[in-house]
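Colleague: Encoded as structure tokens, here's the structure I'll be asking about.
The values are calculated or read from the model by the stated rules, or taken from the named source; none is laboratory data. Note that the coordinates shown come from a computational prediction; the quantities given were computed from them, not determined experimentally. Counting neighbours? That spans all protein chains shown, and the Cβs are built from the backbone with ideal geometry, glycine included. In case anyone asks, the SASA skips ligands and DNA or RNA and just uses the protein heavy atoms, side chains included. Shrake-Rupley method; radii C 1.70, N 1.55, O 1.52, S 1.80 Å.
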Amino acid sequence: QNNRVINISTGINHDLFKELDTGSSKKILSRLGINKHYFFTAGSEEIHKNLKQLVKSFALLPPRLRLDLSCVVGGKFSPEFISELKHCAVQWGLAEDSLCFPNYVQDDDLISLYRHCKFFIFASWHEGFGLPVLEAMACGAPVICSNTTSLPEVIGFPDATFNPFDVNSISAKMIQV
């Protein structure tokens, strides 16, 4: 019976998620309110997505690195959650406009965000697979992610991982990338 079992890994639609830019990205980024360099992450309000620690890690970057950089957070978030994260960002020394929440994004928008980010970061504590990491890599984005659960296997490059429970580890990897 062992010869009837086939392991099929999670995959992405390579017709959509690819490096080739369609030329509409600048219009998409402008529509989403993104007008400076950014790094991109995707997530939700669930605590294991680790967004608060990611924002704190961003605040730990040297001022020269974060001066013209924003954090774009893709996903569907409540106004309360956005307000809380922005409040934390300001407390930690970031400008309130350092965080951008374009809300839930459709595939074309998502692909443009992946293609034009300085890097994609996925700081989740645990994932069943971590599809955004694979999508970002397929679009040509430099990617860093947590060194936990399935994510090291997805990224396939230990030097691009960090300890998601340590803001200094996250920040150091951000500086490196």
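Colleague: Express the relative contact order of the stretch 36-93 as a whole percentage, based on alpha carbon pairs under 8 Å and six or more residues apart in sequence.
Modeller: Details: 49 pairs, mean separation 29.4, N = 58.
51 percent.
Colleague: Moving to a separate point now. Per residue, how much accessible area does the stretch 20-108 have with a 1.4 Å probe, in Å²? The partial results should precede the final answer.
Modeller: Details: 4960 Å² over 89 residues.
Computed with neighbouring chains in place, this is 56 Å² per residue.
Colleague: Next up: Please report the relative contact order for the stretch 1-158, taking Cα pairs under 8 Å with a sequence separation of at least 6, and give it as a percent rounded to a whole number. Intermediate results must be reported in sequence, preceding the final value.
Modeller: Numbers: 233 pairs, mean separation 44.1, N = 158.
Reported relative contact order: 28 percent.
Colleague: With the full set of protein chains in place, find how many percent of the accessible area of the chain is carbon and sulfur; take the probe as 1.4 Å. Walk me through the intermediate numbers first.
Modeller: Working: 4950 of 9640 Å².
Carbon and sulfur atoms account for 51 percent of the accessible area of the chain.
Colleague: If N is the number of residues in the stretch 17-85, what value comes out of its Cα radius of gyration divided by 2.2 N^0.38 Å?
Modeller: Ratio of Rg to 2.2 N^0.38 Å for the stretch 17-85: 1.26.
Colleague: Could I ask something else about it? So if I place +1 on the C-beta of Lys and Arg and -1 on the C-beta of Asp and Glu, and nothing else carries charge, what would the dipole magnitude of the chain be about its Cα centre? I want it in debye, nearest 20.
Modeller: On the way: 16 positive and 18 negative charges, 68 e Å.
I would put it at about 320 debye.
Colleague: Under a Cβ-Cβ cut-off of 10 Å, what is the net charge of the residues other than residue 16 that fall near it, where Lys and Arg count +1 and Asp and Glu count -1?
Modeller: Values: positive: 18; negative: 15, 107, 108, 135.
Neighbour charge sum, excluding residue 16 itself: -3.
Colleague: Right, next: Dividing the alpha-carbon radius of gyration of the chain by 2.2 N^0.38 Å (N being the number of residues), what value is obtained?
Modeller: Working: Rg = 16.3 Å, N = 177, 2.2 N^0.38 = 15.7 Å.
Taking the Cα Rg and dividing by 2.2 N^0.38 Å, one obtains 1.04.
Colleague: Using a 1.4 Å probe, what is the accessible area per residue for the stretch 126-177, in Å²?
Modeller: Details: 2280 Å² over 52 residues.
On a per-residue basis, 44 Å².
Colleague: In whole Å, what three semi-axes, largest first, describe the equivalent ellipsoid of the stretch 119-176 built from its Cα gyration tensor (square root of 5 times each eigenvalue)?
Modeller: Details: eigenvalues 52, 36, 15 Å².
Sorted largest first and rounded, they come to 16, 13, 9 Å.
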